[in-house]
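Inspection log for the structure reproduced underneath, given as structure tokens.
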Amino acid sequence: MPLKLSLKPGEKFVLNGAVVQNGDRRGVLVLQNKASVLREKDIMQEEEATTPARRIYFPVMMMYLDEAGAQRYYDEFVRRLTEFMNVIGNPVVLTECVEISKNCMEREYYKALMRCRKLMDYEDERLGHVPSGVPNSGDLG
């Protein structure tokens, strides 16, 4: 099934590892086959991985963008997820962590990324702030 992206003027996105930027008008891009696509708002730079949940998001994002080299990022992902799970007592959040792990084992990295955003929302709520960068995406309670 094709993926249709509606792009704002100047909006950037990553397509199979290449950074692409839309021109000066709104545009629509239709991808006819499977591709790794992340919008600018979902892209995290390594220096932005400053909290435990963001340290999980970053290697998952890298596995998604570089599926052929995913093994390079997998050990970091496992270490960070394990650290996070060892200090979390909320059963809903722990279940989400298990699902992220399953998604990664099944190479469903985009699904894992969306779940990681929920971890970041939970973490932001507990820390009492909402840092700039990847926006909120859901509620874990």
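The values are calculated or read from the model by the stated rules, or taken from the named source; none is laboratory data. What you see is a predicted model; the values in this text were computed from it and never measured. Cβ placement follows ideal geometry from the backbone for every residue including glycine, while neighbour counts extend to all protein chains displayed.
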Subject >> Criterion violated by E96 - all others in (1) out of contact with any helix residue (DSSP H, G or I) (no Cβ under 9 Å at 6 or more places or on another chain); (2) modelled with pLDDT of 95 or more satisfied >> reply: (1)
**OP:** Examine the stretch 67-78 for a residue that is assigned by TED's automatic domain parsing to the domain that holds K8, polar (S, T, N, Q) and out of contact with any Ser or Thr (no Cβ under 8 Å at 6 or more places or on another chain), and state whether such a residue exists.
**Re:** no
Original post:
Tell me, which residue of the stretch 102-129 that is over 13 Å from the mean Cα position of the chain (by Cα) and not charged (D, E, K, R) is farthest from E67 (Cα to Cα)?
Top reply: G128
Original post:
Are any residues in the stretch 57-105 among the aliphatic types (A, V, I, L, M) and more than 19 Å from V37 (Cα to Cα), and if so, which ones?
Top reply: V78, L81, M85, V87, I88, V92, V93, L94, V98, M105
Subject >> Failed condition for R55, given (1) outside the structural domain of V14 (by TED's automatic domain parsing); (2) over 18 Å from M114 (Cβ atoms); (3) free of Cβ contacts under 8 Å to residues at least 40 places away in the same chain >> reply: (2)
Original post:
If we scan the stretch 26-41, do we find a residue that is over 19 Å from Y73 (Cβ atoms), modelled with pLDDT under 90 and polar (S, T, N, Q)?
Top reply: yes
Subject >> Members of the stretch 2-31 found to be free of Cβ contacts under 8 Å to residues at least 12 places away in the same chain and surrounded by 12 or more Cβ atoms within 10 Å (Cβ to Cβ), listed by number >> reply: V20
**OP:** Out of E106, E48, report the one residue that is modelled with pLDDT of 90 or more, among the charged types (D, E, K, R) and surrounded by 15 or more Cβ atoms within 10 Å (Cβ to Cβ).
**Re:** E48
